[in-house]
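Asks: One structure is given below, represented as structure tokens, and several questions about it will come after.
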Amino acid sequence: MALVGSPRGLRPLVLPIGLVAIALALVALYRGITNNENFLQNLPMMNGGRPNQVGAHENRPTNTHAPPKYKPTPTSIAPSVTDPFPLLTEPTATPPPIPQYNVPRPGLSREYGLSYTPPLFIGFTRQWPMLLQCVVSYLTAGWPPESIFVVENTGTQGANADGKLGLQNPFYLNHATLRKLGVNIIQTPVLLTFSQMQNFFLYTAHARSWPYYFYSHQDVLVFSFEDGPDTMKRPGDRVWHFYDKQDETDIMRPPAAGQAGYRTIYENCLRELNQTLEREERWAFRWFQYDHLTLVNRAALDAVGGWDSLMPYYGSDCDMNARLEMDGWTMRHRRIGIINDVSTVMEDLAALYRDPNVTPKFIDPHPIPKVEEPPKAEEKKPSKEVQDQSPKKAGKNNKEDKATQKREEKGQGHDSIGIAKAVEYFRELVNVGNDMGAYKYRDENNARNSWQNSQQGGVGEPYYYNAEGFSTSFWILAEAGREIFRQKWGHQDCDLVENTALRLEDQWLVEKDWE
């Protein structure tokens, strides 16, 4: 201990006083260690300069209340999700070529009198496998990738772009795969409802000077008329509108792939826009299986004030359609291709590229648990083994095996498949797509939206939100939107134009018309 600078008379006292102070400090330190086993851990210099991290909630205030009562653990858990396009999960992989007859001709939009290529918006909030299937089906049916805009509406900011979310997270979106496919990605600033996202489409169309645009739901599977006329009536189809007999013939008897006059679903959409502009001045929507795929006239939406953002989901379309019709804008159901409203995903999306080594089949990402009822006393159900060996099932399996064998015998690699072979494969794809559509509508009350709960992971990832809580909140908001519709129009049903005398200016001004 240095004594330099101390007054000469105090120097003999400094050394004893210093020793006593050191002794007292050592005693205090000893007592601190024995009374608190975490003493050293709480010293920053003893923990690498970082605060103690014993528990995840160490810094939360002490809560002396009784613990909460938790809900029962779900007994039915959705199976883990797998990527339906395993080929593109490889870092250096690229998509296979689409059928040559579906490759869009350069400048096709100009052939139909358009000065720009109308965009196709596909909104995405959750369930990546469904979105990927939708995008791939549009691409392989002939839609140019550069005109497809996937609108990421996940509310997770840049987490997907930075690769911070995992496949089991409902909001997972693989930007790298979409870039490989050549499509565009637009990100909403926050999580939007359906009506808000529709207004976001409208906003983007204004910002980029697009007077007309298309939008699609993500739970669809689309095809062009590769096999010519298609007479199948699918669950989502409506009564088609035809301008005259010639128009009906052109639409219902399209040439098949390889024949003169063959048009893809994309070319038919451009043709429809061209014809609509020539035939009608005051038009709003052209629906190609209701709004599963829709052509939009921006001016019509502007005229009625856009979508009602306070009506988040169900009911918003009834409100919009009624306001447009009250204001004299037309909406028609037109046919441009094969569209299936689906809730399931193909096991391997390479099938859409007509890969002869892949058998088209689909899987349910979130199967609804079956409640088995005991057989009635007078009935005897055959055992599962007997059912599995029944002629019907065996015949189906033999048919699938023969189809696979036939493709393997004919296909000497994907590039060598000619039009006839590709169309033969296409028929199998259409049959699977029809089965997928029927499967979605097998139980109107429970099955249609079951796919939305197929991914339930993501705990600990950025912007995590409990999947069950999200679903519950969605339906609460959906019902709130229906109530807003009822209060706004004083009417409960969607038939505002057909069965009431309401006018556009009557919004929020009328009493309810039901007891």
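Asks: Scan around residue 154 for amide H atoms under 5 Å from its own, H built in the peptide plane at 1.01 Å from N, and keep only partners 5 or more places away or cross-chain.
Replies: Amide H to amide H, under 5 Å and 5 or more residues apart or across chains, residue 154 pairs with 188.
Asks: A further question on this structure: Mind listing which GluC sites (Glu not before Pro) in the stretch 251-321 are in a DSSP loop and have 15 or fewer other Cβ atoms within 10 Å?
Replies: 280, 281
Asks: Can you tell me the FRET efficiency between residue 479 and residue 65 if r is taken as the Cβ-Cβ distance and R0 is 30 Å, rounded to the nearest 0.05?
Replies: 0.40
Asks: Using the Karplus curve 6.51 cos²θ - 1.76 cosθ + 1.60 with θ = phi - 60°, work out ³J(HN,Hα) for each residue of the stretch 483-488 in order, rounded to whole Hz, and write x for Gly and Pro.
Replies: So the J values, rounded to whole Hz, are 5, 4, 4, 5, 6, 5.
Asks: Something else now. Would you grab the residues whose amide H sits under 5 Å from the one on residue 345? Only those 5+ places off in sequence or on another chain, please, with H modelled 1.01 Å from N.
Replies: The list, which skips near neighbours in sequence, is 363.
Asks: Related question: Say each of residue 498 and residue 438 gets a label point 7 Å from the Cα, pointing the same way as Cα to Cβ; how far apart are those two points in nm?
Replies: In this crude label model, residue 498 to residue 438 measures out at 2.8 nm.
Asks: Say R0 is 51 Å: what FRET efficiency, to the nearest 0.05, do residue 176 and residue 513 get from their beta-carbon distance?
Replies: 0.45
Asks: List every residue whose amide H lies under 5 Å from the amide H of residue 213, counting only residues 5 or more places away in sequence or on a different chain, with H placed 1.01 Å from N in the peptide plane.
Replies: 296, 298
Asks: Further question on the same structure: Measuring from label point to label point, each 7 Å out along Cα→Cβ, what is the residue 186 to residue 359 span in nm?
Replies: Roughly 4.2 nm, to one decimal.
Asks: So, in Å, what gap is there between the alpha-carbon centers of the stretch 281-332 and the stretch 191-264?
Replies: 16 Å
Asks: At 7 Å along the Cα-to-beta-carbon direction for both residue 310 and residue 105, put a label point, then send me their distance in nm to one decimal.
Replies: 5.1 nm
Asks: How about the stretch 273-309: which trypsin sites (Lys or Arg not before Pro) there lie in a loop by DSSP and see at most 14 other Cβ atoms within 10 Å?
Replies: Those that pass, being in a loop and sparsely packed, are 282.
Asks: Here is a further query. Express in nm, to one decimal, how much length is gained between residue 427 and residue 82 on full extension, taking 0.36 nm for each residue of separation and deducting their alpha carbon distance.
Replies: Gain on extension, residue 427 to residue 82, equals 121.6 nm.
Asks: Quick one: 3J(HN,Hα) in Hz for the stretch 285-302, Karplus 6.51/-1.76/1.60 with θ = phi - 60°, rounded, Gly and Pro as x.
Replies: 10, 10, 9, 10, 4, 6, 9, 4, 9, 9, 9, 10, 9, 4, 4, 5, 5, 4
Asks: Express in nm, to one decimal, how much length is gained between residue 164 and residue 466 on full extension, taking 0.36 nm for each residue of separation and deducting their alpha carbon distance.
Replies: Fully extending the segment from residue 164 to residue 466 adds 107.0 nm.
Asks: Same structure again: Take the alpha carbon atoms of the stretch 122-187, find their center, do the same for the stretch 454-485, and report the distance between the two centers in whole angstrom.
Replies: The stretch 122-187 and the stretch 454-485 have Cα centres spaced 20 Å from each other.
Asks: If you don't mind, there's one more thing I want to ask. Taking 1 over the mean of 1/r across every pair of different Cα atoms in the stretch 60-154, what Kirkwood radius in Å do you get?
Replies: 17.9 Å
Asks: With θ taken as phi - 60° and the coefficients 6.51, -1.76 and 1.60, list the Karplus ³J(HN,Hα) couplings across the stretch 179-186 in order, rounded to whole Hz; mark glycine and proline as x.
Replies: Each residue's phi maps through the Karplus curve to give 5, 4, 6, x, 8, 8, 10, 10 Hz.
Asks: Let me check against my output: what whole-number percent is the relative contact order of the stretch 77-184, with C-alpha pairs under 8 Å and at least 6 apart?
Replies: Normalised by residue count, the contact order of the stretch 77-184 is 32 percent.
Asks: Sticking with this one: Given contacts defined as C-alpha pairs under 8 Å and at least six residues apart, what's the relative contact order of the stretch 278-318, whole-number percent?
Replies: Result for the stretch 278-318 is 27 percent.
Asks: Can you work out the PRE-style zone for residue 238? Point 7 Å along Cα to Cβ, and I want the residues of the stretch 283-308 with backbone N under 15 Å.
Replies: In the stretch 283-308, the label zone of residue 238 (backbone N under 15 Å from the point 7 Å along Cα→Cβ) covers 283-297.
Asks: Can you figure out the FRET efficiency of residue 92 with residue 459, using R₀ = 22 Å and their beta-carbon distance, to the nearest 0.05?
Replies: Efficiency for this residue pair is about 0.10.
Asks: From Cα pairs below 8 angstrom and at least 6 apart in sequence, can you work out the relative contact order of the stretch 224-315, rounded to a whole percent?
Replies: Result for the stretch 224-315 is 25 percent.
Asks: What order do you get for 122-129, 477-484 when each peptide is scored by the mean count of other beta carbon atoms within 10 Å, highest first?
Replies: Per-residue Cβ counts within 10 Å, averaged per peptide and sorted highest first, yield 122-129, 477-484.
Read the figures in this text as sums done on the coordinates, not as results from a lab. Everything quoted here is computed from the prediction, not taken from an experiment. Here the Cβ is made from the backbone with ideal geometry for all residues, glycine too, and neighbour counts use every protein chain on show.
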